[in-house]
Structure formats: structure tokens, C-alpha cells
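The values are calculated or read from the model by the stated rules, or taken from the named source; none is laboratory data. Treat the numbers as computed from the prediction; the structure is a model and nothing was measured. Cβ placement follows ideal geometry from the backbone for every residue including glycine, while neighbour counts extend to all protein chains displayed.
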Amino acid sequence: MLRKSNSTIQYNLSDQYLGEKILLIISGSFIGINFLALNLQRNDMTISAWSHFGIWILCSWFGNWLLNRFLPKRDHFLFPIVMFLTGWGLILIDRLAPIFAERQSVWVTISVGAMLLVAMFPHTLRWLRQYRYILLLVGLLLLVGTIFLGTNPSGSESAPQLWLGFGIVFFQPSEALKIILVAFLASYLAEQYPIMRTEMPGISRTRLMFSPRVFGPILLMWGLCVLILVWQRDLGTAILFFGVFILLLYVASGSNLILISGLLLVIAAGLVAYRAFPVVQLRMDIWLNPWPEADGRAFQIVQSLLAFGSGGIFGSGVGQGSPTYIPVVHSDFVFSALSEEWGLLGIVAVVACIVVLVSRGLQIAVRQQQRPFMAFLGVGLSVLLALQSFMIMAGVLKIIPLTGVTLPYLSYGGSSLLASFVIVGLLLRLSAVEKLS
Amino acid sequence: MKLSLEVNRLATGLLIAFSVVTITAAYWAVVGPDTITQRQDNPRLVEQEGQIHRGDIQDRNGTTLVTSIENSDRSVSRHYLFPEMNSALGYASLRYGVSGAESAFNSILRGDDLGKDFFDQLAGSLLHRAQRGSDIRVTLDLDIQKTAVDAFGNFHGSAVVIEVPSGAILAMVSLPTFDPNTLDADWEDLTRADGNPFFNRALQGGYQPGGVLQTPLLAAALLADYPIDNKLANVAEPVQIDKLTLRCLETPLNTSLSLAQSYAFGCPFPFENLILNLGSNRIQQAFKTFRFSEPPTLPGYVILPADETNQTTITPTSDASDYLANALGQGRITVTPLEMAVFTAAILNDGNAPTPYTLFQIHRSDRGQWIDAIPSNTTIPLMTASVSHQVRDLMKIALATGAVQAMQRSELDNVGGHIAVAYTGDSTQVWFIGFAGLQSNSGVAMALVLESTDGTDQVAEIGESILATAISKVK
């Protein structure tokens with residue numbers, strides 16, 4: 001009986017290995033064909049034109065091999081999906097801003113390495129919980145550092161100074177902080193959630209929810225986000241932090257009031273910010289009606305919508321569209337570029353990948369329900385990916401005001417890519433933890 | 001700990017959010033191509049337009065005049081190979097549109113007129129094939145055009161040469177002109193340049209006719225059986241119109257000449273006599289018969305409406321001198337070089353005005369052979385054959401014995417013409433209309449006008465060189 005059970009497990013594992021391999025091969029085929037089309041279009045079939053694809057293959061193969069060896073019982077969807085999206089991102093950056101493609105390839109290598117380290121290191125989760133205050137402090141210090149030492153890789157003084165520069169390498173502390181913050185919150189909620197869920201005789205649940213113990217951290221978090229908004233003019237990160245926090249708190253407490261009060265606070269902050277900050281006012285105005293200023297302040301969002309319209313259902317094909325009319329297309333507007341050249345089919349594929357990625361993350365979290373820290377960490381990381389993706393996708397489609405966040409795995413940006421891979425590394429690690437009965 | 005419910009709700013909320021993203025993207029993808037992407041400020045439209053491979057333009061002998069070259073960025077540049085052809089061919093610019101032949105045959109050159117079946121369209125769309133237009137061959141002749149432009153030198157003005165009896169335009173010159181290869185860069189300067197280089201004088205130039213109306217007046221006299229051979233005393237007598245004094249182009253040695261004889265010397269007095277004797281109604285009727293009220297058009301080209309520029313009514317007003325001024329070509333009547341060229345062609349063609357055209361053949365990019373695009377040969381009778389023969393003979397005499405010495409040296413046979421001066425304010429233009437015949441009613445006819453000069457010798461020299469080249473090319 002035992003032998004039979006072992007062979008079933010082995011059969012299932014090898015089946016999953018094969019499934020992951022097939023997904024990677026399909027991804028590789030798609031990426032390879034698109035690189036071929038791009039190189040043919042450029043009439044450049046030199047080895048250097050294939051270098052990015054070569055790096056992708058090496059990262060995929062090596063990552064798969066190492067994960068099979070050291071983390072066999074993991075979720076077998078996560079790695080192929082993020083590699084698929086990353087490969088697609090490499091094509092996009094090579095096509096949109098070739099001068100950044102080499103740097104992005106290096107970041108892919110570093111990020112995959114970081115993901116493997118995080119996923120395979122046995123004490124990752126324990127250290128994350130144990131040293132949460134130190135990590136949070138470091139994260140906040142780095143963030144505060146940008147207020148005084150912040151810079152922008154473009155060198156522009158008027159652009160948001162969200163990076164710390166180390167020679168030719170630039171790092172955005174808010175990317176690291178968002179993971180630290182999720183880990184910190186997961187740890188905090190793992191301790192607090194029993195109180196949130198307890199029915200106390202004589203004390204209403206609403207009153208409990210709005211007690212300083214529960215509501216205090218919400219206000220604290222809101223305050224932190226407002227500070228980021230005020231000092232750094234980083235609307236995207238502020239909303240992202242606050243959104244993840246509220247959603248995580250909702251999952252922990254199960255209270256709809258959290259969602260409502262969170263939403264009201266966002267609206268209140270938004271109204272104040274609209275009055276106080278020209279950048280917020282600009283984004284709101286062009287969101288409400290971009291057309292009168294299509295050639296001026298709303299140029300970027302109008303060009304983005306034109307890209308969606310031009311792509312149609314099938315897209316123009318890689319290198320065949322004109323997405324470069326959108327300023328900073330390789331960073332904030334990579335989703336619009338993708339829609340122009342791969343059409344609605346490409347959009348559906350990317351959204352489906354993100355949805356599968358997030359749903360796998362949430363499944364991993366639910367599997368660890370008996371370990372609150374891991375469960376909240378899984379939910380937090382998944383929500384982080386989902387919210388960030390939604391904010392930029394909806395922003396470039398004019399569903400919500402534009403917030404300058406990157407599209408995970410697809411946009412250009414080393415810090416963002418590194419953070420996104422670390423998130424997957426953590427999810428892989430979580431998925432490999434045996435479920436408690 | 002049980003989180004399933006909240007996580008499920010969260011997952012549902014996220015799923016709805018991503019569905020909204022997908023539905024919105026689908027909305028723009030489906031509705032966008034017919035709405036938002038058609039906005040005038042969509043740079044993709046310009047880019048798409050710039051990738052259209054316009055067909056080549058060749059002259060009647062197959063020499064390529066204009067060609068399209070694809071650049072590395074997939075945009076297509078238009079190259080105009082002969083500066084002499086510029087005024088006739090116009091320009092095609094992404095920024096400033098099209099003009100001239102480029103405008104007249106725009107849909108053919110762009111390929112808009114090509115009916116494509118479903119599979120062709122699908123293949124074109126999937127393989128991102130740029131739209132490719134047809135090549136065209138125009139009736140213009142590079143050699144004649146070159147001769148004309150060279151002969152003009154620094155003069156401003158216009159010339160139109162027509163093949164008779166077909167009506168094919170062999171040359172169409174308008175000077176000053178522009179270089180379409182550098183149009184985008186030069187545009188601002190060109191719009192401020194003297195002489196308005198964008199103005200196609202051959203088709204749009206409403207010139208004062210002056211003495212060039214003597215030929216139609218002669219034809220009107222013949223149609224009315226007016227005695228043109230009766231001698232008149234002192235034909236060199238000047239004619240006064242307001243402050244303007246009209247004189248013979250060259251005073252004849254013997255001033256007792258008939259109307260027919262004085263025509264060669266461009267004397268206005270006998271024509272004043274004719275106008276007063278015939279009366280306004282008969283002259284007006286004759287001008288109507290000659291179609292001066294409906295000047296010829298060139299299919300596709302921009303020609304200003306007759307009712308705005310070509311004033312053709314010579315009905316006397318209360319002021320008698322106004323009527324006389326109009327009939328003598330010094331009033332409100334204006335004519336274009338094309339109009340006078342067609343009238344001259346009618347004189348060579350037994351009184352029948354050919355319909356002018358410039359499109360000769362079309363070559364579709366996906367087909368092997370050239371297909372004729374010549375319009376059906378319709379002519380408009382302007383005068384009887386006998387009247388046209390008489391006028392033709394008088395024009396031959398005018399060149400042989402008349403005011404213009406330069407044309408008397410001509411080695412051309414069967415050539416006739418008339419030179420005239422017109423006055424506009426302080427400026428003077430000099431006209432030449434003429435023909436060179438081959439046999440019967442075939443040959444070439446032309447009209448030529450030089451601005452800001454009264455140099456009859458120069459106009460005669462230019463006219464002669466153009467006629468000589470043109471007749472040698474159509475032989």
C-alpha cells in the first residue's frame with residue numbers, strides 16, 4: 001500500500017515536471033518566434049540580435065533545473081508563467097527601446113537568481129518573520145533616503161526622484177519596501193487576527209473594528225502613504241501600499257467596514273491631493289476628459305488609447321505598429337504597446353497569465369490557512385501583484401486615473417523586475433511548504 | 001483559521017476587475033479602428049499614408065519622371081527626377097497634400113481605385129503589405145517640356161502645347177515653380193516668394209488677353225461674313241481706351257490695309273472698327289460659340305471656376321468704352337493659356353476643339369501590361385472648317401510677313417501664329433498662339449504668355465523653339 005502510494009506521488013511529480021517543461025517550451029516557442037519576426041523585420045540575424053532570447057533560455061533552463069532539484073514539491077505554474085511574461089517583456093523592450101534591452105537582460109538574470117535564492121533558501125520565511133522590524137526599518141530608511149538623496153535614472157530634475165543611485169545602477173527602495181511591508185503586515189495580522197475575529201460578549205464587532213488597536217495601524221498606514229504622496233509625488237506607490245494593506249486587513253478581519261472605510265479614506269485623500277498637488281490634478285483632469293488636450297497634457301493617454309484602437313483584435317505584429325508615439329512606452333505604457341502589436345488576443349493572454357498567477361498565489365495562501373503568517377503572506381503577495389497589474393492596465397485604458405507603476409514582469413525597470421521575481425520566489429517557497437492537516 | 005470565504009470574495013473582486021480591463025480593451029479594439037484611430041491627430045494615419053507606395057509617373061515615351069523609393073523605416077519618399085517637369089506634375093507631400101498631376105491622378109497613383117478581392121485584402125493585411133498604386137504614363141513629353149523651360153530662361157509665364165487632333169497635352173509650363181523634392185523644407189519661403197510658384201498659370205492663370213483676342217475676332221468676322229479684305233485707310237491709327245493707348249505691334253509701311261492684312265501687324269484700329277460694326281450681340285454670340293464662357297477643363301486638375309475668373313461677357317454697359325475694352329481684350333475678360341491653346345488647336349483641327357487630356361496609360365502594379373487610358377476622342381465644333389482654314393492661312397501669313405521677324409527665320413513649314421500684347425495696370429504681357437501642322441488637320445498647337453515684358457521677339461523665339469521641338473516629336 002505504502003509502495004503504491006509512493007509511486008503515485010512520484011508519478012504525479014514527474015507529471016508536473018513534464019507539465020512545467022511543456023509550458024516553458026511553449027513559452028520559448030512563442031518568444032523565439034517573436035524574436036525571429038522582430039529580427040527579420042530589422043534585417044538583423046546576427047548573434048547579438050538573439051542574445052536576449054539566449055539569456056531567457058539559459059535562465060529558464062537553469063531555473064527549472066535548480067527548482068526541480070531543490071524545490072520539487074512546488075507550484076509548477078508559477079515559474080513558467082513569470083518566465084513567459086518576462087520573455088514577452090524582453091521582446092517588448094528590445095522592440096520599443098533597444099538601448100535598454102541589454103540592461104533588462106542583465107536584470108532578468110539577477111532577478112531569476114534572486115528568485116532561486118529566495119525560493120531555495122530554507123530559512124527565508126522564518127527570517128522574514130523574525131527580522132520584520134529590522135527589515136521594515138531598513139526599508140523605511142531607504143525610502144526616507146530617497147527624499148534627501150533621491151534621483152531619477154533619466155537625470156531629469158523635474159521627474160520624480162524615487163531612485164537611489166549607485167554608479168550606473170539605480171534602485172527604487174519602494175519596490176523592496178512593498179515586499180517588506182507585506183511580510184510585516186502578514187506577521188502583524190497573524191498575531192492580531194484572532195482578536196479581529198473574536199466575538200466578545202457586550203462589545204459590538206463594529207466597535208471592536210474601530211478600536212485603536214485595529215484601526216490605529218490603518219491610520220498609521222494611511223499616514224505613511226500620504227507622506228509618500230506628499231514628499232515623493234508617487235501616487236502609484238501610495239495607492240498600491242494602501243490598497244494592499246486594506247485588502248489584507250479585510251481578509252484578516254472579514255469585515256466589510258474595512259473596505260468601506262478604506263475606500264472613503266482613499267477618496268478623501270484623493271480630493272485633498274487634487275486640491276493640493278498639481279500632478280494629481282493633472283492626472284484627474286486628463287482622466288475625466290483627455291480629448292481637448294490630446295496634443296498637450298493628455299498626449300500620453302490619448303496615444304495609449306489610439307494604440308489599443310490601432311491594434312484591433314489581432315494586432316499589427318511585432319515591430320509593425322507605432323507604439324513609440326507614446327512617451328515612456330517601455331516603462332509605464334508597455335501594456336498599450338502590447339495591445340497595438342499583439343492586439344486583443346495578446347491582451348487576453350497577458351491578463352489570463354496574471355489572473356492564473358494571482359489565483360495560484362491565493363490558492364497557495366488558502367492551503368496554508370493553518371499557518372496564519374504564511375497565509376497572509378501568500379494573500380498579500382498575490383494582491384500586490386494583482387493590484388499593481390490592475391492599476392497600470394486600468395490606468396492606460398482610462399478606466400482609472402493614471403498611476404505611474406510598472407506592469408510586473410513586462411515593463412522595463414530593474415528594481416520592479418527584481419521585486420516581482422522575489423515575490424514569485426516567496427510564493428514558490430510557500431507552495432513547497434507541506435500543508436498542515 | 002478559515003480564510004476561504006474572504007479569499008474567495010477577494011478573488012472574485014479581482015476577477016471582476018481584470019474582466020473590466022479585458023472588456024474595455026475589447027471595446028477599444030473593436031470600436032477603435034472606426035472611431036478613435038480616425039482622429040486627425042492620430043500620427044499613425046500620417047505614418048500609414050507615408051508607407052503608401054505611390055506609382056511612378058512616366059512621360060509619353062516611357063521616361064520615368066517621378067518615382068517612389070522605400071526607406072529603411074518603411075516610409076516611402078517621392079523623387080522628382082526632372083526639374084523641368086515640376087510645374088506640370090505638382091507635388092505629393094505628407095504635410096501639404098497633393099497638387100498638379102499628383103492630385104489629378106491621386107487615387108490611381110495611391111492604388112485606391114484598385115478593386116481587391118477578399119483574399120488579396122486579407123493577405124495584404126496579414127503580411128503588412130503597404131498599399132501600392134499604379135504607374136501612369138502621361139501625355140507630357142520630357143523633351144518638349146525641357147525645351148520650353150529652357151527657352152523661358154528667367155521669364156515668368158506659361159505655355160501649353162497640345163497635340164492635334166488628339167488633344168493630348170504635350171507640355172504645360174508654369175513659371176516660376178518649386179522643387180517638390182524639397183517642398184516641406186521650402187514651403188514657408190515658397191508661400192512668400194514673388195510670383196506665387198504654387199499657382200499653375202497654365203490652368204489657373206486668368207490673363208488679360210489684349211491683342212490675342214484679335215484671332216477670335218477675326219474668326220467671328222468670318223462667321224458673320226464680314227468683309228475682311230476691304231481696305232481701310234490709316235490702319236496704324238492708335239486706339240484710346242481710357243488712359244491706355246493701343247498701337248500696332250509694328251507699323252506697316254503701307255497703312256492702307258484690310259482687316260486681314262492688318263492682323264499680321266497686330267493693329268487694333270481695324271478691330272475696333274470690326275467690333276463697332278458687328279455689334280455686341282454678334283460678338284458675344286461668337287465668343288459663346290468659341291466656348292470662352294465655358295473654358296476647357298483638364299480632368300482632375302484644379303481650374304478656377306469660369307464665373308469667378310474668366311469674365312467673358314462683353315455686352316455693352318452704359319459705358320461704350322467698357323464694351324470696346326472688353327472686346328479688345330483690355331477690359332474684364334481674362335483667358336487662360338490652356339483656353340487659348342485649345343482655341344488654336346481648333347483652328348488647326350478644321351474648327352473642332354479637341355478635349356485636352358494628360359493621362360495616357362496606366363500600369364497596375366499586379367499586372368504586366370500598360371492599359372490605354374485615353375478618353376474618348378470628343379471634339380467641340382467652334383467654327384466651320386472653311387472659317388478655320390481662312391484663319392489658319394492668315395496666321396501663316398502673320399508669321400511670314402507680319403510683325404515678328406524672329407519667326408520669319410523659322411525653318412518650319414506649315415506654321416502659323418499670332419503675337420499680341422496685353423496691358424494689366426502697369427504691367428505688360430506678351431502672347432503667342434500658334435500651330436505647326438503635319439498634314440491635313442494634324443500637328444501641334446500652343447499658347448504662350450510671358451509676364452512683365454513686351455518683348456515680341458523673345459516670345460517669338462520661345463514659341464518657335466517650342467513648336468520646332470514639338471512638331472519633331474509628334475512626327
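Here are the numbers for the structure shown:
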| read-out | value |
| --- | --- |
| Selection count, the stretch A:395-418, where residues are among the aliphatic types (A, V, I, L, M) and surrounded by fewer than 24 Cβ atoms within 10 Å (Cβ to Cβ) | 3 |
| Residue selected from the stretch A:320-363 under the condition in a loop (DSSP other than H, G, I, E, B) and at the interface with chain B (Cβ under 10 Å from one of its Cβ atoms), by the criterion farthest from A:Ile26 (Cα to Cα) | A:Ser322 |
| Subset of the stretch B:31-49 that is assigned to a helix (DSSP H, G or I) and more than 7 Å from chain A (Cβ to nearest Cβ) - its residue that is nearest to A:Gly321 (Cα to Cα) | B:Gln48 |
| Hits in the stretch B:157-166 (condition: at pLDDT 95 or above and either assigned to a loop (DSSP other than H, G, I, E, B) or among the polar types (S, T, N, Q) (or both)) | B:Ser158 |
| Given (1) more than 10 Å from chain B (Cβ to nearest Cβ); (2) not in a helix (DSSP H, G or I), index of the condition A:Gly317 fails | (1) |
| Of the criteria (1) more than 14 Å from every other protein chain (Cβ to nearest Cβ); (2) without any contact (Cβ under 8 Å) to a residue 60 or more places away in the chain, which one A:Gly404 fails | (2) |
| Residues of the stretch B:102-149 satisfying the condition of being in a loop (DSSP other than H, G, I, E, B), within 14 Å of another protein chain (Cβ to nearest Cβ) and either over 19 Å from B:Asp56 (Cβ atoms) or modelled with pLDDT of 80 or more (or both) | B:Leu127, B:His128 |
| Selection count where residues are facing chain A (nearest Cβ under 7 Å) and of a type in the set (Val, Ile, Thr), scope the stretch B:1-29 | 5 |
| Check on B:Pro270, at pLDDT 90 or above and surrounded by 15 or more Cβ atoms within 10 Å (Cβ to Cβ) | yes |
| First in the stretch B:148-166 and without any contact (Cβ under 8 Å) to a residue 60 or more places away in the chain, second anywhere and crowded, with 24+ Cβ neighbours inside 10 Å and not charged (D, E, K, R), Cβ under 9 Å, 6 or more apart | B:Gly153/B:Ile462 |
| Any chance A:Thr86 is at pLDDT 95 or above and surrounded by fewer than 20 Cβ atoms within 10 Å (Cβ to Cβ) | no |
| Selection status of B:Asp350, over 21 Å from the mean Cα position of the chain (by Cα) and under 12 Å from B:Val164 (Cβ atoms) | yes |
| Helices (runs of 4 or more DSSP H) fully within the stretch B:362-475 counting 1 or more residues that are small (Gly, Ala, Ser) and within 23 Å of B:Ala346 (Cβ to Cβ) | B:385-401, B:456-474 |
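Rundown of residues vs (1) without any contact (Cβ under 8 Å) to a residue 12 or more places away in the chain; (2) at the interface with another protein chain (Cβ under 10 Å from one of its Cβ atoms), yes/no style:
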position	(1), (2)
A:Val251	no, yes
A:Leu259	no, yes
A:Leu265	no, no
A:Ala273	no, no
A:Val279	no, no
A:Ile286	no, no
A:Ala294	yes, yes
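Listed here are the residues, each with its yes/no results for (1) touching a His at 6+ places or on another chain (Cβ under 9 Å); (2) without any contact (Cβ under 8 Å) to a residue 40 or more places away in the chain; (3) assigned to a loop (DSSP other than H, G, I, E, B); (4) within 12 Å of another protein chain (Cβ to nearest Cβ).
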residue: A:Gly378; (1), (2), (3), (4): no, no, no, yes
residue: A:Leu385; (1), (2), (3), (4): no, yes, no, yes
residue: A:Pro408; (1), (2), (3), (4): no, no, yes, no
residue: A:Ser411; (1), (2), (3), (4): yes, no, yes, no
